[in-house]
Structure formats: structure tokens, C-alpha cells
Amino acid sequence: MSLISFKKPIKNFIVLEGLDGCGTTTQTALLVKKLEDCGIKGYSTKEPTDGSIGRFIRSVLQKKESVDPFTLALLFSADRNEHVYGKNGIIEQTQAGKMVVCDRYFFSSLAYQSLFIDYDTVADLNRFYPLPEYLFYIDLSPEECQARVESRGEETELFEHLELQRKIDANYKKSLSLLAASEMKTVVIDGRGSIEDIHNQICKALDLTA
């Protein structure tokens, strides 16, 4: 299946992606603050969401619940449908003039869920959702990401294992290649830089003033 069947990008929608430990959550928070400093209404969001479906997904990721891999892919798609089209969702926020910055989106589903079910099946479940205007992919090796995750001293989640992270990395690269011809603006950033350096690269791509 070709990713060109996905819906076209929507303006004022930004997504940050990368392996666990690469820094998407930190960069999302910094970008929203920068937008506000520049007089732009920012809206920070994430996937899984804090909704009821998203909370159940997190319990699966934390290994508190167990579901079939296809069920998990369906849950991510259902959570995303509410996130995009539901009340106070991404569409509504962009139409209200806000710049929506999302920590992970369906690119994560393509990378993670396709570990255990067919890639095209995952893509088909997500064909209903628009591409963002900008995708920032923080590119950091699986080894470095895993080291960061382990340094937290917390129990690892479902996908936080080096062997899986290497496969997830390959799936991300596959998606970036398939999306290269889309109308979405994709910016790959070297994740080895400092937090400030990565933030500055994102701001430069968005033409945000200093």
C-alpha cells in the first residue's frame, strides 16, 4: 500500500516523531512555549491521548493489560480518530487559529504496530487521517535511545527493548522514504545535538523569530 492514499496535510499541524528516548516530549514543550513567545497561539497534544481509549492504551504499554497486537493497532486508530475529529480535537483547534504541536501521530503506529502485524494493514487503518503540515523526525540511534530510557531508572514499557527499537527505527525510515513525495514538509534532525540545538533547528525550519 502506498502512503499517498493518506489524506493531504492540514495547515498549522506539526508532529514530532522518533524512537523512545529521542526527546520528542521535551521538544514539543519547548516549541509550544516558543510559539507563544512569538505571539502565536500554540496547542500541545500527544498520542496516546489522555482520553479513555488513550489511557487504556497506556496501561497496555505499561504491561498492566494485555491485548492482541491487531487489537492494539485498532485501539490506536480509534484514539486517533477522536484526537483528530472529536470535540476539541486537532481539526477543531487548527480551525480556531491555533498551531497544534503533537508528540507522536500515526507515524508511530506505522513504526511500532507493524512489528507484529502487516505494515500495509497498519497503514490501511490510518488512511482516514490527514498528514501534518510539518513532520520533525529526531533521528537518534536505537542504542543511544535505549541508553537514555534505561538511565531513567523506571520499568521499561512494552516496546522499550533494544532489539525492538532497531526494528522500529527501520520502520520509521521506511515510512519517511514512502512519504518523501507527499505534500508534507519533512525535516530530519540529528538527535545527537543538545536540547537547545535541536530546538533551534526546529524553530529555524518554521521560520520563528529569535
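The values are calculated or read from the model by the stated rules, or taken from the named source; none is laboratory data. Source: prediction; values computed, not measured. A quick note on method: Cβ atoms are made from the backbone with ideal geometry, for glycine too, and the neighbour counts reach across all protein chains shown.
Considering ARG166, ARG127, which residue is touching a Ser or Thr at 6+ places or on another chain (Cβ under 7 Å), surrounded by fewer than 17 Cβ atoms within 10 Å (Cβ to Cβ) and within 27 Å of LEU75 (Cα to Cα)? Explain how you work it out, then say what you get.
On the way: ARG166 fails: touching a Ser or Thr at 6+ places or on another chain (Cβ under 7 Å).
ARG127 is the lone residue from the list that is touching a Ser or Thr at 6+ places or on another chain (Cβ under 7 Å), surrounded by fewer than 17 Cβ atoms within 10 Å (Cβ to Cβ) and within 27 Å of LEU75 (Cα to Cα).
Does PHE116 satisfy the criteria of being aromatic (Phe, Trp, Tyr), buried (at least 21 other Cβ atoms within 10 Å of the Cβ), in contact with a helix residue (DSSP H, G or I) (Cβ under 7 Å, 6 or more places away or on another chain) and under 23 Å from GLY21 (Cα atoms)?
Here the answer is no, as PHE116 does not meet what is asked.
Among the residues of segment 100-109, is there at least one that is of a type in the set (A, V, I, L, M), modelled with pLDDT of 95 or more, under 20 Å from PHE13 (Cα atoms) and in contact with a Lys or Arg (Cβ under 9 Å, 6 or more places away or on another chain)? Break it down into steps so the answer makes sense when it comes.
Of the residues in segment 100-109, the ones of a type in the set (A, V, I, L, M) are 100-101.
Narrowing the set further to residues that are modelled with pLDDT of 95 or more leaves 100-101.
Still in the running and under 20 Å from PHE13 (Cα atoms): 100-101.
Narrowing further to those that are in contact with a Lys or Arg (Cβ under 9 Å, 6 or more places away or on another chain): none.
Checked segment 100-109: no residue is of a type in the set (A, V, I, L, M), modelled with pLDDT of 95 or more, under 20 Å from PHE13 (Cα atoms) and in contact with a Lys or Arg (Cβ under 9 Å, 6 or more places away or on another chain).
Quick one: count up the residues across segment 82-96 that are in contact with a helix residue (DSSP H, G or I) (Cβ under 9 Å, 6 or more places away or on another chain) and assigned to a helix (DSSP H, G or I).
Matching residues across segment 82-96 total 7.
Could you give every pair whose Cβ atoms fall below 7 Å, whose first residue belongs to segment 183-208 and is modelled with pLDDT of 95 or more, and whose second residue is loosely packed, with under 12 Cβ neighbours inside 10 Å and assigned to a loop (DSSP other than H, G, I, E, B), counting only separations of at least 6 or pairs across chains?
none
From the list ASP68, ASP79, pick out the single residue that is modelled with pLDDT of 95 or more and loosely packed, with under 14 Cβ neighbours inside 10 Å.
On the way: ASP79 fails: loosely packed, with under 14 Cβ neighbours inside 10 Å.
The conditions single out ASP68.
Return the only residue of PHE136, PHE159 being surrounded by 14 or more Cβ atoms within 10 Å (Cβ to Cβ), within 15 Å of ARG104 (Cβ to Cβ), at pLDDT below 95 and not basic (Lys, Arg).
Values: PHE136 fails: at pLDDT below 95.
Criteria check complete, one pass: PHE159.
Which residues, counting only those in segment 184-210, are among the basic types (Lys, Arg) and over 14 Å from LYS34 (Cβ atoms)? Walk me through how you get there before you give the answer.
Quick first cut of segment 184-210, residues among the basic types (Lys, Arg) only: 185, 192, 204.
Once the filter is applied, which keeps residues that are among the basic types (Lys, Arg) and over 14 Å from LYS34 (Cβ atoms), segment 184-210 yields LYS185, ARG192.
List the number of the failed condition for GLU36; all other conditions in (1) touching a residue at least 40 places away in the same chain (Cβ under 8 Å); (2) in contact with a strand residue (DSSP E or B) (Cβ under 9 Å, 6 or more places away or on another chain) hold.
(1)
Which of the following residues is over 16 Å from LEU131 (Cβ atoms), at pLDDT 95 or above, in contact with an Asp or Glu (Cβ under 7 Å, 6 or more places away or on another chain) and of a type in the set (Lys, Arg): LYS41, LYS46, LYS34? If you could, list the steps in order and put the result at the bottom.
Values: LYS41 fails: in contact with an Asp or Glu (Cβ under 7 Å, 6 or more places away or on another chain); LYS34 fails: in contact with an Asp or Glu (Cβ under 7 Å, 6 or more places away or on another chain).
Exactly one of LYS41, LYS46, LYS34 is over 16 Å from LEU131 (Cβ atoms), at pLDDT 95 or above, in contact with an Asp or Glu (Cβ under 7 Å, 6 or more places away or on another chain) and of a type in the set (Lys, Arg), namely LYS46.
Going residue by residue through segment 86-94, is there one that turns out to be surrounded by fewer than 21 Cβ atoms within 10 Å (Cβ to Cβ), in contact (Cβ under 8 Å) with a residue 60 or more places away in the chain and closer than 22 Å to ASN12 by Cβ? Give the derivation first.
So in segment 86-94, the residues surrounded by fewer than 21 Cβ atoms within 10 Å (Cβ to Cβ) come out as 86-89, 91-94.
Of the ones still in play, those that are also in contact (Cβ under 8 Å) with a residue 60 or more places away in the chain are 91, 94.
Within this subset, residues satisfying the condition of being closer than 22 Å to ASN12 by Cβ are 91, 94.
Scanning segment 86-94 turns up at least one residue that is surrounded by fewer than 21 Cβ atoms within 10 Å (Cβ to Cβ), in contact (Cβ under 8 Å) with a residue 60 or more places away in the chain and closer than 22 Å to ASN12 by Cβ.
Okay, residues lined up against (1) assigned to a helix (DSSP H, G or I); (2) of a type outside the set (Asp, Glu); (3) closer than 19 Å to LYS46 by Cβ:
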position: SER114; (1), (2), (3): yes, yes, no
position: ILE117; (1), (2), (3): no, yes, no
position: TYR134; (1), (2), (3): no, yes, yes
position: TYR137; (1), (2), (3): no, yes, yes
position: GLU143; (1), (2), (3): yes, no, no
position: GLN165; (1), (2), (3): yes, yes, no
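If only one of LYS34, LYS63 is farther than 25 Å from ASP169 by Cβ and either touching a Cys at 6+ places or on another chain (Cβ under 8 Å) or outside any helix (DSSP H, G or I) (or both), which one is it? Talk me through it step by step, then tell me what you get.
Working: LYS63 fails: farther than 25 Å from ASP169 by Cβ.
Answer to the selection: LYS34.
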